[in-house]
Amino acid sequence: MGGQNGFGKEQVEQARSGDERALSRLLSNLEPILRAYFIKRIGMKPDIDDLVQNTLVRVHNSLADLKDPNRLKAFAMKAALFELQDLYRGRYSAKERLYDPEMPPESVLPNTTAGIRVDLERALAALTPRARRIIELREFGYRYEEIAGMIGSTEAAIKMQVKRAFEKMRQALVSLVAGGLLQALLWR
């Protein structure tokens, strides 16, 4: 069938030409190799699944850039190294918190308004469809550079869009919370 580890040149070429089954087999064959690589380097941590998935996405997205189909494993391991570097740089650190980590979100508001829930969907609705898409891509772990390529923009423009989107969402959340507090006080 293929070469070592199921990465034959023919299968790689089929995957690159759009054969979904060949692509699926390639990625499935890479998954345990990548998992072992990350476990060996950082041990059994919750980030392992994210690292493996992000590496597989990198391989999938850049498969057309693979110059020698016989070197798929080396190509994938380089992508894994990039993911590991991102981990060490803090890309996989906790998401931005909108509340004090010492207090659960329900206890941030005074007891009289404990029933108020912040509606993130309404805050997201304050964004343009493009800004919402960029925020979603960031949430899925894509780097600014990758998003810029997907959206057809520059990395600097994407960073500015994210900054503006978060500011707009913060304003919407403040308005929602203030409206909820006012409503709670009026219905006392």
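Taking the range 136-188, which residues are at pLDDT 85 or above and among the β-branched types (Val, Ile, Thr)?
Once the filter is applied, which keeps residues that are at pLDDT 85 or above and among the β-branched types (Val, Ile, Thr), the range 136-188 yields 147, 151, 154, 158, 162.
Kindly evaluate residue 109 against the criterion of being outside the structural domain of residue 142 (by TED's automatic domain parsing) and either at pLDDT 90 or above or surrounded by 13 or more Cβ atoms within 10 Å (Cβ to Cβ) (or both). Give the steps one after another, and end with the answer.
On the way: outside the structural domain of residue 142 (by TED's automatic domain parsing): no; either at pLDDT 90 or above or surrounded by 13 or more Cβ atoms within 10 Å (Cβ to Cβ) (or both): yes.
No, not satisfied.
Quick check: anything in the range 81-88 within 30 Å of residue 9 (Cβ to Cβ), among the aliphatic types (A, V, I, L, M) and at pLDDT 75 or above? It would help to see each step written out before you state the result.
Of all residues in the range 81-88, those within 30 Å of residue 9 (Cβ to Cβ) come to 81-86.
From what is left, the residues that are among the aliphatic types (A, V, I, L, M) are 81, 84.
Remaining after also requiring at pLDDT 75 or above: 81, 84.
Yes: the range 81-88 contains one or more residues that are within 30 Å of residue 9 (Cβ to Cβ), among the aliphatic types (A, V, I, L, M) and at pLDDT 75 or above.
Against the definition (under 28 Å from residue 138 (Cβ atoms) and of a type in the set (S, T, N, Q)), how does residue 17 come out, yes or no?
Numbers: under 28 Å from residue 138 (Cβ atoms): no; of a type in the set (S, T, N, Q): yes.
No: the conditions fail for residue 17.
Is there any pair with a first residue in the range 127-152 that is at positive phi and a second that is assigned to a helix (DSSP H, G or I) whose Cβ atoms are under 8 Å apart and which are 6 or more apart or on different chains, and what are they?
141/50; 141/54
With the range 1-69 as the region, which helices (runs of 4 or more DSSP H) entirely inside it contain at least 3 residues that are farther than 27 Å from residue 150 by Cα and touching a helix residue (DSSP H, G or I) at 6+ places or on another chain (Cβ under 8 Å)? Break it down into steps so the answer makes sense when it comes.
Details: elements: 9-16, 20-42, 47-61.
Per the criteria, 20-42.
Has the range 113-123 got any residue that is among the polar types (S, T, N, Q), loosely packed, with under 13 Cβ neighbours inside 10 Å, modelled with pLDDT under 50 and touching a helix residue (DSSP H, G or I) at 6+ places or on another chain (Cβ under 7 Å)? Steps first, please.
Let us first name the residues in the range 113-123 that are among the polar types (S, T, N, Q), namely 113.
From what is left, the residues that are loosely packed, with under 13 Cβ neighbours inside 10 Å are none.
No - not one qualifying residue is present in the range 113-123.
The values are calculated or read from the model by the stated rules, or taken from the named source; none is laboratory data. In this text, all values refer to a predicted model and were calculated from it rather than measured experimentally. Reconstructed Cβ throughout: ideal geometry from the backbone, glycine too, with neighbour counts over all protein chains shown.
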